[in-house]
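Chemist: Structure in structure tokens, see below.
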Amino acid sequence: MKPLVVITGASSGFGAAMARLFNANQYPLLLLGRRVEKIQALELSGEVMIKQADVTDRAALENAITQAEAIYGPTDLLLNNAGLMLLGNIWQQNPKEWQTMLDTNVLGVLNGMQLVLPQMMAREHGTIINTSSIAGFKAFENHAAYVASKFGVHGLSETVRQEVAAKNVRVMLIAPGAAETELLAHVTDDHALTEYQAWKESMGGLTLDPKHVAETVKFMYEMPQEVNIREVDIAATRQD
Ligand code: NDP
């Protein structure tokens with residue numbers, strides 16, 4: 001039997017594409033999100049556990065992972081993917097949006113890592129792939145708090161990679177460019193949204209297909225355990 005893969009943010013976008021691909025390849029899955037009905041609607045078959053968990057709710061995350069590991073064995077891959085992007089300029093954006101992004105995109109990622117790392121380090125086997133963004137190393141207008149959160153994901157991923165490397169545990173990072181997902185659905189600032197969409201149009205409207213991000217993380221994971229593809233930046237060819 002293949003080892004357990006845990007995916008946060010499995011209800012849409014990249015996470016849903018990852019869930020489909022790993023399910024098609026017979027990995028037992030724990031799929032997490034707040035909208036479980038959207039995960040159920042993926043209609044996956046086989047060894048799939050679906051649990052409602054907000055990544056900022058450590059108890060819910062821990063409970064779900066414990067239940068899945070009792071059935072499928074230890075988590076061997078955590079796809080720490082849940083996140084959101086709320087755009088706006090710094091002098092007008094509601095600070096509650098900053099808080100939501102930092103809580104979800106940074107603390108949510110730390111929560112997932114802390115919950116699976118002790119058993120991975122004890123087993124001297126395991127992989128975590130954090131989803132960052134091109135905005136994790138490059139600035140974009142109207143993205144201050146989002147960029148802060150994703151630079152944070154880059155920094156914490158490299159820090160933890162160094163901390164656990166001697167235990168044969170891999171921390172990897174994928175940094176995608178713009179893709180067609182539900183990411184923009186939560187933006188409340190119409191001006192920032194219009195500017196973002198104009199930027200996407202300037203690339204000929206061609207953005208990443210989430211399935212290519214899923215294929216990339218699967219490739220990264222399936223490299224031998226002694227090889228760590230530390231970071232992959234992946235974007236549509238026409239993205240600037
Ligand atoms: P989607 O909005 O389609 O998916 C986001 C996922 O995150 C959903 O499954 C959502 O599930 C989940 N999520 C959001 N907040 C929480 C929370 N508090 N607790 C648990 N789950 C949560 O967007 P993407 O697929 O595009 O985003 C996935 C990741 O990719 C994010 O980290 C994003 O920052 C990153 N990214 C996206 C890019 C893009 O252009 N699309 C580019 C670069 C990076 P639910 O609402 O059901 O909880």
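Chemist: Do we have any residue at all in region 100-114 that's touching a residue at least 60 places away in the same chain (Cβ under 8 Å), in contact with a strand residue (DSSP E or B) (Cβ under 6 Å, 6 or more places away or on another chain) and within 12 Å of the ligand (Cβ to nearest atom)?
Modeler: Residues of region 100-114 that are touching a residue at least 60 places away in the same chain (Cβ under 8 Å), as a first pass: 108, 112.
Filter once more, keeping what is in contact with a strand residue (DSSP E or B) (Cβ under 6 Å, 6 or more places away or on another chain): 112.
When the remaining residues are screened for being within 12 Å of the ligand (Cβ to nearest atom), the result is 112.
Yes, region 100-114 contains a residue that is touching a residue at least 60 places away in the same chain (Cβ under 8 Å), in contact with a strand residue (DSSP E or B) (Cβ under 6 Å, 6 or more places away or on another chain) and within 12 Å of the ligand (Cβ to nearest atom).
Chemist: Looking at Ala70, Ala64, Ala60, which is the one that is within 12 Å of the ligand (Cβ to nearest atom), surrounded by fewer than 19 Cβ atoms within 10 Å (Cβ to Cβ), assigned to a helix (DSSP H, G or I) and not hydroxyl-bearing (Ser, Thr, Tyr)? Give the steps one after another, and end with the answer.
Modeler: On the way: Ala70 fails: within 12 Å of the ligand (Cβ to nearest atom); Ala64 fails: surrounded by fewer than 19 Cβ atoms within 10 Å (Cβ to Cβ).
On inspection, the qualifying residue turns out to be Ala60.
Chemist: Failed condition for Asn130, given (1) assigned to a loop (DSSP other than H, G, I, E, B); (2) at pLDDT 95 or above, with all others met?
Modeler: In the conditions (1) assigned to a loop (DSSP other than H, G, I, E, B); (2) at pLDDT 95 or above, Asn130 misses (1) alone.
Chemist: While we're on this one: Taking Ser12 and the conditions (1) of a type in the set (Gly, Ala, Ser); (2) surrounded by fewer than 24 Cβ atoms within 10 Å (Cβ to Cβ); (3) over 23 Å from Ala179 (Cα atoms); (4) touching a helix residue (DSSP H, G or I) at 6+ places or on another chain (Cβ under 7 Å), which numbered condition does it fall short on, given that it satisfies the others?
Modeler: For Ser12, the failing item is (3).
Chemist: Write out, first by first residue and then by second, each pair whose Cβ atoms fall under 7 Å of each other, whose residues are 6+ apart or on separate chains, and whose first residue, in region 145-156, is polar (S, T, N, Q) while the second is within 8 Å of the ligand (Cβ to nearest atom).
Modeler: Hits for this filter: Ser149/Asn105.
Chemist: While we're on this one: Sort through Leu78, Leu44, Leu87, Leu115 and tell me the only one that's of a type in the set (A, V, I, L, M, F, W, C), under 19 Å from the mean Cα position of the chain (by Cα) and in a loop (DSSP other than H, G, I, E, B). Please lay out each step first, then the result.
Modeler: Numbers: Leu78 fails: in a loop (DSSP other than H, G, I, E, B); Leu44 fails: under 19 Å from the mean Cα position of the chain (by Cα); Leu115 fails: in a loop (DSSP other than H, G, I, E, B).
None of the other options fit; the residue is Leu87.
Chemist: Residue by residue through region 16-32, note down the ones that are over 17 Å from Thr75 (Cα atoms) and not hydrophobic (A, V, I, L, M, F, W, C).
Modeler: Step one: filter region 16-32 for residues over 17 Å from Thr75 (Cα atoms), giving 16-17, 20-21, 24.
The answer is Arg20, and nothing else.
Chemist: Sticking with this structure for a sec: Checking Val171 against (1) in a helix (DSSP H, G or I); (2) away from the ligand (no atom under 12 Å from the Cβ); (3) touching a helix residue (DSSP H, G or I) at 6+ places or on another chain (Cβ under 6 Å); (4) not acidic (Asp, Glu): exactly one of these is not met. Which one?
Modeler: (1)
Chemist: List the pairs whose first member sits in region 173-198 and is surrounded by 18 or more Cβ atoms within 10 Å (Cβ to Cβ), whose second member is among the basic types (Lys, Arg), and whose Cβ atoms are under 6 Å apart, counting only residues at least 6 apart or on separate chains?
Modeler: Partner pairs satisfying both residue conditions: Ala178/Lys200.
Chemist: Going by what's in this entry, would Phe14 be described as within 6 Å of the ligand (Cβ to nearest atom) and among the aromatic types (Phe, Trp, Tyr)? Walk me through it before giving the result.
Modeler: Working: within 6 Å of the ligand (Cβ to nearest atom): yes; among the aromatic types (Phe, Trp, Tyr): yes.
The answer is yes for Phe14.
The values are calculated or read from the model by the stated rules, or taken from the named source; none is laboratory data. Because the structure is a prediction, the values reported are computed rather than measured. Neighbour counts run over all protein chains shown; Cβ positions are idealised from the backbone, glycine included.
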